[in-house]
Amino acid sequence: MRVILLGPPGVGKGTQGRRLAAERGWPLISTGELLRDAVAQRTPLGDQARRLMDAGQLVPDGVMIGLVHDRLSQPDAVSGFVLDGFPRTVPQAEALDALLKENGLAIDSALLLSAPEDELVRRLKKRLECPVCKRAYNVASAPPRASGKCDDHPDVELVHRADDDEVTVRSRLSVYDGQTRPLIGYYKSRNRLAEVEGVGAPEDVFTRLRQALAVFVGGQ
Ligand code: AMP
């Protein structure tokens with residue numbers, strides 16, 4: 001199954017996507033993570049992307065489409081995937097559809113997570129991430145067992161993402177409104193959209209997400 005997670009920054013796409021991918025045995029493909037890895041490795045892509053990411057702006061469509069094309073060509077993505085953070089623009093969605101269509105495939109479902117904007121800003125300011133496994137924590141609502149350390153990598157210090165400061169978060173939210181929100185209509189008109197309330201305990205959000213997905217894939 002091929003599933004997209006849609007929604008603003010901080011709504012829980014990574015957390016829920018990680019659960020869904022683990023449960024179904026699909027790879028979780030996060031374009032933000034692919035870019036952060038490229039930045040850390042100082043590749044030409046990373047150097048190009050870093051300034052845009054630090055400003056909360058989008059990396060150009062052509063670059064992103066190439067990156068996703070390469071990632072989806074890898075063997076683990078052949079029978080299904082969960083996409084987090086892609087597509088983020090209508091041209092990216094069109095390119096993804098065209099890419100899949102070449103192989104007689106299509107997106108099965110776009111799951112839209114939602115939460116009020118002040119809640120998103122609050123969450124992002126308190127978000128910590130493990131630089132090794134990318135698991136997200138929240139100092140207030142979902143803290144790690146040992147303060148500042150990843151539960152699964154106890155020697156690793158959790159980090160605050162550079163683009164999670166309030167000014168950059170506001171810019172990312174406005175980019176979402178202008179460039180990504182139109183995807184809601186894109187997938188709705190194709191009968192692929194399901195809305196999931198992203199507020200509450202992560203377990204409860206996951207239960208709702210599963211129910212929403214079952215409509216499209218029969219609970220597989
Ligand atoms: P994320 O981890 O999804 O919040 O992404 C972090 C940053 O990576 C975004 O603010 C963008 O600068 C960049 N990025 C990630 N995915 C995309 C995409 N599909 N298109 C353009 N830029 C992206």
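What's the tally of Lys pairs in the chain whose alpha-carbon atoms lie under 24 angstrom apart, where the two lysines are 8 or more places apart or on different chains?
11
Tell me which residues come under 5 Å, amide H to amide H, from Ser30 once H is placed; ignore anything under 5 positions away on its chain.
Residues meeting the amide H criterion: Asp84.
Excluding ligands, DNA and RNA, what is the solvent-accessible area per residue of the range 106-204 at a probe of 1.4 Å, expressed in Å²?
Heavy-atom accessible area per residue stands at 52 Å².
Can you list residues from other chains, or at least 5 along the same chain, whose modelled amide H is less than 5 Å from the amide H of Leu128?
So Leu128 has HN proximity to Tyr137, Asn138, Val139.
Could you give me the ³J(HN,Hα) list for the range 40-45, computed from phi with Karplus coefficients 6.51, -1.76, 1.60 and θ = phi - 60°, whole Hz, x at Gly and Pro?
5, 8, 6, 6, x, 4
Please label the shape of the range 166-220 as rounded, prolate or oblate, based on the square roots a ≥ b ≥ c of the eigenvalues of the alpha-carbon gyration tensor (a/c under 1.5 means rounded; beyond that, a/b larger than b/c means prolate, else oblate).
Oblate, because a/c is 1.5 or more while a/b does not exceed b/c.
So the label point goes 7 Å from the Cα of Thr207 along Cα→C-beta, right? Which residues of the range 98-119 then have their backbone N under 15 Å from it?
From the range 98-119, the list is empty.
Quote the Stokes-Einstein diffusion coefficient, in whole µm² s⁻¹, for the chain, based on the Kirkwood radius over alpha carbon pairs, a temperature of 4 °C and a viscosity of 1.567 mPa s.
Numbers: Rh = 17.8 Å.
Estimated via Stokes-Einstein, D reaches 73 µm²/s.
Which of Phe216, Met64, Ile184 sits closest to the plus end of the dipole of the chain, meaning its Cα is farthest towards the positive end, when Lys and Arg get +1 and Asp and Glu get -1 on the C-beta?
About the Cα centre, the residue reaching furthest to the positive side is Phe216.
How high is the FRET efficiency between Leu100 and Arg170 when r is their beta carbon distance and R₀ equals 25 Å, given to the nearest 0.05? Let's see the in-between values first.
Values: r = 34 Å, r/R0 = 1.35.
Plugging the Cβ-Cβ distance into 1/(1 + (r/R0)^6) gives 0.15.
Round to a whole number: what % of the accessible area of the range 167-220 belongs to carbon and sulfur, probe 1.4 Å?
Roughly 50 percent, rounded to a whole number.
Per residue of the range 10-23, in order, report the coupling 6.51 cos²θ - 1.76 cosθ + 1.60 (Karplus, θ = phi - 60°) as ³J(HN,Hα) in whole Hz, putting x for Gly and Pro.
Rounded to whole hertz, the list is x, 7, x, 4, x, 4, 6, x, 4, 5, 5, 5, 5, 5.
Step through the residues of the range 110-123 one at a time and calculate ³J(HN,Hα) from phi using the Karplus curve (6.51 cos²θ - 1.76 cosθ + 1.60, θ = phi - 60°), rounding each to whole Hz and writing x for Gly and Pro.
Whole-Hz 3J(HN,Hα) from phi for the range 110-123: 10, 9, 9, 8, 9, 7, x, 4, 5, 5, 4, 5, 4, 5.
Could you give the length gained on full extension between Ile184 and Val199, defined as 0.36 nm per residue of separation minus the Cα-Cα distance, in nm?
Fully extending the segment from Ile184 to Val199 adds 3.5 nm.
Place a label point 7 angstrom from the Cα of Ala140 along the Cα-to-Cβ direction, then list the residues of the range 164-178 whose backbone nitrogen is under 17 Å away.
Correct set: 164-167, 169-170.
Compute the relative contact order of the chain as a whole-number percentage, counting only Cα pairs closer than 8 Å that sit 6 or more residues apart in sequence. Intermediate results must be reported in sequence, preceding the final value.
Details: 319 pairs, mean separation 62.3, N = 220.
After rounding, I find 28 percent.
Mind checking the full-extension length gain between Ala77 and His160? Use 0.36 nm per residue of separation minus the Cα-Cα distance, one decimal, nm. It would help to have the intermediate numbers written out before the result.
Values: separation 83, 0.36 × 83 = 29.88 nm, distance 2.94 nm.
Result: 26.9 nm gained on full extension.
Among DSSP bridges having both ends in the chain, what percentage is antiparallel? Round to the nearest 5. Working shown, then result.
Values: 6 of 22 bridges.
If I count the DSSP bridges inside the chain, around 25 percent turn out antiparallel.
State the percentage of accessible surface on the range 1-95 attributable to carbon and sulfur atoms; use a 1.4 Å probe and exclude ligands, DNA and RNA.
54
Can you give me the long-range amide H partners of Phe81? Hydrogens built in the peptide plane at 1.01 Å from N, cutoff under 5 Å, separation of 5 or more residues or another chain.
The list, which skips near neighbours in sequence, is Arg2, Val3.
Need the C-alpha centroid separation for the range 178-220 versus the range 112-142, integer Å.
First find each Cα centre; the distance between them is then 19 Å.
The values are calculated or read from the model by the stated rules, or taken from the named source; none is laboratory data. Just so it is clear, the structure is predicted and the values come from calculations on it, not from any experiment. Ideal geometry is used to build each Cβ from the backbone, glycine not excepted, and the neighbour counts take in all protein chains shown. Remember, those area values only see protein heavy atoms, side chains included, never the ligands or the DNA or RNA. Shrake-Rupley method; radii C 1.70, N 1.55, O 1.52, S 1.80 Å.
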